[in-house]
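First the structure, in the form of structure tokens, and then the observations on it.
The values are calculated or read from the model by the stated rules, or taken from the named source; none is laboratory data. No experiment lies behind these values; they were computed from the predicted model shown. Every residue, glycine as well, gets a Cβ built from its backbone with ideal geometry; the counts of neighbours run over all protein chains shown. For accessibility, only protein heavy atoms count, side chains too; no ligands or nucleic acids. Shrake-Rupley method; radii C 1.70, N 1.55, O 1.52, S 1.80 Å.
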Amino acid sequence: PPPAVGPLVADVREGKGDPVYNAHSYHTKVPHRAIMRFLLHYTEPGAVVLDPFAGTGMTGVAAAFCGHADAALRAQIEGERAAAGLGPPRWGERRAILADLSSVAAFVAHRFCSPSEPPRFEAAARRILAEVEAELGWMYETRHDDGRVGRIHYVLWSDVFLCPECGGELVFWEVAVDRQAGRVRRRFRCPVCGAELARAGLRRAFEEVDELDLGGRWRRARRSPVLIRYAVPGIAGRLEKRPDADDLARIDQIDRLRGGAWFPRDRLPPGEETRRNDDAGLTHVHHFYTRRNLLALAALRARIWPAMDEAPALGMWFTSAHAWGTRLNRLLLSNYFQRRGGVIGQTLQGTLYVSSLSVETNVLERFRLRIASVPHTAPRRTAMISTGSAERLPIDDGVIDYIFTDPPFGGNIQYAELNVLWEAWLGVMTDARAEAVVSPARGQDLGAYQARMERAFGECFRVLKAGGWMTVEFSSTRAEVWNAIQTAIVGAGFELVSVAALEKTHKGYRALTTAIAARQDLVLSCRKPGQPEEVAEARAALDPEGVWSFVEDALRRLPRVGEVRGRTPPLLYDQWVAASLRAGVPIGLSSAEFSVGLGRRFVIRGGMCFLPEELEARDAPEEGVE
């Protein structure tokens, strides 16, 4: 039977700076060092843990590192547990069973959970790069003004639009970018007729070209190369140029090349994100790459796939570096003009958005840079990985000691759609109809999502030992999604015992730019009945009207001075959701509705929430001071 432990109620804070976390750019990952806290609390060495929504396999990585943590991490975790009044952790490897519907997630999880053998991987990677460099390196060459040959770092491509007044062509980079402010202007003038224009009113310029891979003609939005950053041996500093006649001729030559090695030509399936770029002519997988990068990726893949038996980490290398080769990369204008690092931004999280200023990187250079990042994997193979649905687990009843999982957050991320480029190169596509997400484009509503999650949690309930624990990491700004996940957990038979916070200290795009976005994930501790246990729980009767009393009480418990994080609207919302879940009460307000209500009933200053009397006391002059 599982050890007789109570829920882990201490909040967990773990950053994303660990090399293992950064070895791959998959959409979402829970840091393995955070998961280790839960495995060490709920299980003994040798226990079998399950993650039915495994993603890239961080639960499996954590299971292995429980037996191979370095001294600094051991001391940190032991200190945390001692401070929380908990006993020492039980160090030692755990075994993991991982499942995910996505083929690329399972592919990457297999690599993450296998020792990478760095010397063997590095030798194979450098050999492959040298071969492709010898074949296609000429495609990434440009000439300096003194005639010397340089190596391209990246090429900036700009959309071309048409002036609605005169029909003249407008190169977006030239007319819309404010170079002093480092941003795109909302309004600008046509250089042909002088008309004042807004970006929203522009029409794309189109062109027709031969479709070399599908046959026929291809109507696509026009894009123009406007800047090349490059390096020349012996010349220091940042070198840039406008593409000259030689550069344009080279691009034209490459665009006429028919590929030798295989690459995917699939039509993108229906979906909000997968059909986002249809109106620009980006309808098939190979349209999301410049011809230069498409041919280079094909040549790399042709050599990597036969060598993966020799060095399995090569598969991680390809899928990790691949993202740098698509048209989804964009120029970060403020960093570029202020000469800061991080000029190239990869795919915006949660979307297949193609910027009007897209960046074509040198794929060979990017693969070379990723060699040092890829070997950070599990120290030993202690996990088994399955590609399949969480609704049908090929596991016997009552054999799992503990479950940790990070399921899809409603409609937050459309995994099957966003993985389509990766999976096309693997040749195995996710069946989006079986995905547990809310997708209006595919007719999958919140009710269908809740039903799928309840079936998945039902499978978790079946395979978990009596008295065992399941930890569900979850986040949403929508009340109805919280209600759906709560109903699914309880409907499957689990007791929702406690709620704590898990904060990943580097934020995603939406968390940084959306005022109402959740700033932390909540960790739901769920128990399968079968073991006597008393859980001290304050069950406040919370509802949409009583929420403001809850907020008032929460504010009164907080200090009145300093930058108190607990006073921010997103964290107050998280506190209320957690208390509602503990009380078994439906969530009655979305994050947006909650934020509006705060503004009407309390005082918001500096992004923090206060009671009126708190500010009166804080702003009052000290006694004896005029």
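Candidates in region 371-385 are the residues that are of a type outside the set (Val, Ile, Thr) and modelled with pLDDT of 95 or more; of these, the one that is most open to solvent (accessible area, probe 1.4 Å) is Met384. Scanning region 397-419 turns up at least one residue that is within 30 Å of Ala492 (Cα to Cα), open to solvent by less than 20 Å² (accessible area, probe 1.4 Å) and among the aromatic types (Phe, Trp, Tyr).
The condition of being charged (D, E, K, R) and within 25 Å of the chain's Cα centre (by Cα) holds for Arg452. Checked against the criterion of being modelled with pLDDT under 95, open to solvent by less than 50 Å² (accessible area, probe 1.4 Å) and either touching a Leu at 6+ places or on another chain (Cβ under 9 Å) or among the basic types (Lys, Arg) (or both), region 199-211 has at least one qualifying residue. Pairs are defined by a Cβ separation below 7 Å, a sequence spacing of at least 6 or placement on different chains, a first member in region 150-167 that is of a type in the set (Lys, Arg), and a second member that is surrounded by fewer than 19 Cβ atoms within 10 Å (Cβ to Cβ); the pairs so defined are Arg151/Glu141; Arg151/Ala231. Taking region 83-199 and the helices (runs of 4 or more DSSP H) fully enclosed by it, the elements with 1 or more residues that are more than 30 Å from Tyr21 (Cβ to Cβ) are at 118-136, 172-176.
Counting the residues of region 284-340 that are assigned to a loop (DSSP other than H, G, I, E, B), within 27 Å of Ala123 (Cβ to Cβ) and either in contact with a His (Cβ under 9 Å, 6 or more places away or on another chain) or open to solvent by 10 Å² or more (accessible area, probe 1.4 Å) (or both) gives 4. Looking at region 71-130 only, could you name the residues that are out of contact with any helix residue (DSSP H, G or I) (no Cβ under 7 Å at 6 or more places or on another chain), within 29 Å of Ala302 (Cβ to Cβ) and polar (S, T, N, Q)? Answer for region 71-130, where residues must be out of contact with any helix residue (DSSP H, G or I) (no Cβ under 7 Å at 6 or more places or on another chain), within 29 Å of Ala302 (Cβ to Cβ) and polar (S, T, N, Q): just Ser114. Among the candidates Ala64, Ala34, the residue that is closer than 26 Å to Met453 by Cβ, touching a residue at least 60 places away in the same chain (Cβ under 8 Å) and surrounded by 16 or more Cβ atoms within 10 Å (Cβ to Cβ) is uniquely Ala34.
Being closer than 18 Å to Asp406 by Cα and in a strand (DSSP E or B) is the filter here; which residues of region 425-474 pass it? Within region 425-474, Leu464, Gly468, Trp469, Met470, Thr471, Val472, Glu473, Phe474 qualify. Kindly indicate the residue of region 491-514 that is touching a helix residue (DSSP H, G or I) at 6+ places or on another chain (Cβ under 7 Å) and over 13 Å from Ser475 (Cα atoms) and also modelled with the lowest pLDDT among those meeting that condition. Of everything passing the filter in region 491-514, Ser498 is modelled with the lowest pLDDT. If you go through region 393-405 and pick out every residue that is part of a loop (DSSP other than H, G, I, E, B), modelled with pLDDT of 95 or more and not aliphatic (A, V, I, L, M), you end up with 3.
The helices (runs of 4 or more DSSP H) found wholly in region 547-620 and carrying at least 2 residues that are modelled with pLDDT under 85 and open to solvent by less than 40 Å² (accessible area, probe 1.4 Å) occupy 569-583, 612-619. If the condition is being surrounded by 15 or more Cβ atoms within 10 Å (Cβ to Cβ) and more than 16 Å from Ile152 (Cβ to Cβ), then region 214-236 contributes Trp218, Arg220, Ala221, Arg222, Arg223, Ser224.
Among the criteria (1) in contact (Cβ under 8 Å) with a residue 40 or more places away in the chain; (2) under 30 Å from the mean Cα position of the chain (by Cα), the one Ala205 does not fulfil is (2).
Could you check how many residues of region 9-32 are modelled with pLDDT of 80 or more and farther than 23 Å from Pro408 by Cβ? Final tally of qualifying residues: 2.
Tallying residues that are open to solvent by 70 Å² or more (accessible area, probe 1.4 Å) and outside any helix (DSSP H, G or I) within region 237-260 yields 5.
When Asn412, Asn419, Asn362 are checked against the criterion of being more than 27 Å from His32 (Cβ to Cβ) and of a type in the set (S, T, N, Q), Asn362 stands alone in meeting it. Anything in region 130-166 that is crowded, with 19+ Cβ neighbours inside 10 Å and over 30 Å from Arg203 (Cα atoms)? List them, or say none. Selection gives Val132, Leu136, Met139, Tyr140, Thr142, Gly150, Ile152, His153.
Note on region 342-354: residues that are out of contact with any Gly (no Cβ under 7 Å at 6 or more places or on another chain), farther than 30 Å from Pro119 by Cα and either open to solvent by 20 Å² or more (accessible area, probe 1.4 Å) or in a strand (DSSP E or B) (or both) total 4.
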